Amino acid sequence: MPPAAPAVTHRGVGGGVRSAAQLVFRSFPFPTEPGLRVFGTPDRSSPVFVTSNFDYTVRLVSRVLENYDCYLLVAPTGGVNVWCASAGGHFGVDEVEAAIKLSGIGDLVDHHRLVLPRLTAPGVDPKEVRSRTGWRVVFGPIDIDELPGWLDESFPRLVADVVTFPVARRVEMGIGAGLWPAGLLGVPAAIIGGWQAGLLTAGLAYVLSVLFAVAYPRLPAAPGLPQAVPLAGVLGVVAAATAWGSGGTVFDIVFWAVTLALMGLLIGLDFPSWSPTDVCKQQLLCFLYPATLAPAGFLPTVDEPACVDGCDICVKICPKGAMTLQDNHKATLLDPDGCLSCFACVQQCPVDAIS
Ligand code: SF4
Ligand code: SF4
């Protein structure tokens, strides 16, 4: 059996520094060693969990799993988080198969059941995993903090679950998203207006990015240009008025108006790609995987004759609750506006009735 990597990596100063770096540089992959992690004193019937090799995710998952006797297989997904990797085609059957082989888990347990993160559903086809490896896939809850409740009450059943974007997570994402406007505008501002202007620009970028993140679900306009253009206009006008009111020169007024308008445009256009409730719709702005498994604007359609009576997998697996069963027991897309084009329903239909 290959040696297990250290199991608990989320504590102490090292863990804090890594968390801070991963918060600020959230756009970039942070790989950790793929392979096996062992928690507690598992036996041959202990559960086997799988996750991506994004360091932050592994530490979050470890925080929960250290309370259980279990195994964790860390799949080689390029150091990218679970959802981006699976929707981008980098956390699929190949990676699950690699995790099984890398870990030697087949020698450690008598069952053949893997618990995968729910948000791997866009990339992992359970039928193919079963046929290639002999292992059965079950999907846990979306939020890792819900895992203990799911293990106690529902394991191994698939239960309906929808993705949310609570304020604490939005603030985290707002900090990560601040890097782009801070860098893209702060550096030119420093060159043109001096280091104080650069620092002020970078600081404003972070503050506005976090404020935008906090307000995001309550903004009246749709994500993208409808949010970005008014924000750019308001920020540009406020910056110009502030520069003028504080006795600035024409150069100051134009400089700050243009800088803040561009900042508003960047934040407004980029932030939706950080939101799990909108992310796959923002393919043009997706830094990691501009081409996801589903084509841009994809909406699922169900082949009713092929849809199996009594099945509701697509209804439960949809992270937005956008699918429903009709009176004739056939599935259909209930909420096209809510659909993320994530591809999970297509991938998980057992009879390939969705395209
Ligand atoms: S997953 Fe497929 S078979 Fe099941 S309800 Fe949906 S469309 Fe029908
Ligand atoms: S209906 Fe849309 S959001 Fe729901 S699983 Fe299918 S593609 Fe994803």
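The values are calculated or read from the model by the stated rules, or taken from the named source; none is laboratory data. From a predicted model like this one, the values you see are computed outputs, not experimental measurements. Every residue, glycine as well, gets a Cβ built from its backbone with ideal geometry; the counts of neighbours run over all protein chains shown. These area figures cover heavy atoms from the full protein model, side chains too; ligands, DNA and RNA do not enter into them. Shrake-Rupley method; radii C 1.70, N 1.55, O 1.52, S 1.80 Å.
Among residues belonging to the stretch 14-26 that are touching a residue at least 12 places away in the same chain (Cβ under 8 Å) and closer than 14 Å to Tyr206 by Cβ, point out the one that is surrounded by the most Cβ atoms within 10 Å (Cβ to Cβ). Restricting to residues being touching a residue at least 12 places away in the same chain (Cβ under 8 Å) and closer than 14 Å to Tyr206 by Cβ, the top hit is Arg26. Take Gly134 and tell me if it is of a type outside the set (A, V, I, L, M) and modelled with pLDDT under 95. No. Looking only at the stretch 340-355, residues that are among the hydrophobic types (A, V, I, L, M, F, W, C), in a loop (DSSP other than H, G, I, E, B) and within 14 Å of ligand 1 (Cβ to nearest atom) come to 4 in all.
The single residue among Val167, Val163, Val138, Val171 that is out of contact with any helix residue (DSSP H, G or I) (no Cβ under 7 Å at 6 or more places or on another chain), touching a residue at least 12 places away in the same chain (Cβ under 8 Å) and more than 20 Å from Ala99 (Cα to Cα) turns out to be Val163.
A quick yes/no check of all residues on (1) modelled with pLDDT under 95; (2) out of contact with any strand residue (DSSP E or B) (no Cβ under 7 Å at 6 or more places or on another chain):
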{"position": "Phe251", "(1), (2)": "no, yes"}
{"position": "Val254", "(1), (2)": "no, yes"}
{"position": "Leu299", "(1), (2)": "yes, no"}
{"position": "Asp312", "(1), (2)": "no, no"}
{"position": "Leu333", "(1), (2)": "no, no"}
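The residues of the stretch 127-148 that are more than 15 Å from ligand 2 (Cβ to nearest atom), open to solvent by 30 Å² or more (accessible area, probe 1.4 Å) and over 19 Å from Pro42 (Cα atoms), listed by number, are Lys127, Glu128, Arg130, Ser131, Arg132, Thr133, Gly134, Arg136, Asp143, Ile144, Asp145, Glu146. Given the structure, is Ser86 outside the structural domain of Cys314 (by TED's automatic domain parsing), among the hydroxyl-bearing types (Ser, Thr, Tyr) and within 30 Å of Tyr216 (Cβ to Cβ)? Yes, satisfied. Listed by first and then second residue, the pairs with beta-carbon distance under 6 Å, at least 6 apart or on different chains, first residue in the stretch 143-160 and aliphatic (A, V, I, L, M), second part of a helix (DSSP H, G or I) and surrounded by 12 or more Cβ atoms within 10 Å (Cβ to Cβ), are Ile144/Leu60; Ile144/Val61; Ile144/Val64; Leu147/Val64; Leu158/Lys316; Ala160/Lys316.
Determine whether Ser19 is modelled with pLDDT of 95 or more, polar (S, T, N, Q) and outside the structural domain of Gly176 (by TED's automatic domain parsing). No, not satisfied. If you filter the stretch 325-355 down to residues that are more than 10 Å from ligand 2 (Cβ to nearest atom) and farther than 10 Å from Val302 by Cα, you find that the one that is surrounded by the fewest Cβ atoms within 10 Å (Cβ to Cβ) is Asp327.
For Val237, the requirement of being more than 16 Å from ligand 1 (Cβ to nearest atom) and at pLDDT 95 or above is met. Across the stretch 299-314, the qualifying residues are those that are closer than 16 Å to Pro122 by Cβ and open to solvent by less than 50 Å² (accessible area, probe 1.4 Å), and the one among them that is farthest from ligand 2 (Cβ to nearest atom) is Cys314. Among the conditions (1) in contact with a Ser or Thr (Cβ under 7 Å, 6 or more places away or on another chain); (2) on the phi > 0 side of the Ramachandran plot, Ser52 misses just one, which is (2). Residues in the stretch 239-253 that are open to solvent by 80 Å² or more (accessible area, probe 1.4 Å) and assigned to a helix (DSSP H, G or I): Thr242, Trp244, Val250, Phe251. Taking the stretch 143-171 as the range and being over 20 Å from the mean Cα position of the chain (by Cα) and of a type in the set (Lys, Arg) as the test, only Arg157 passes.
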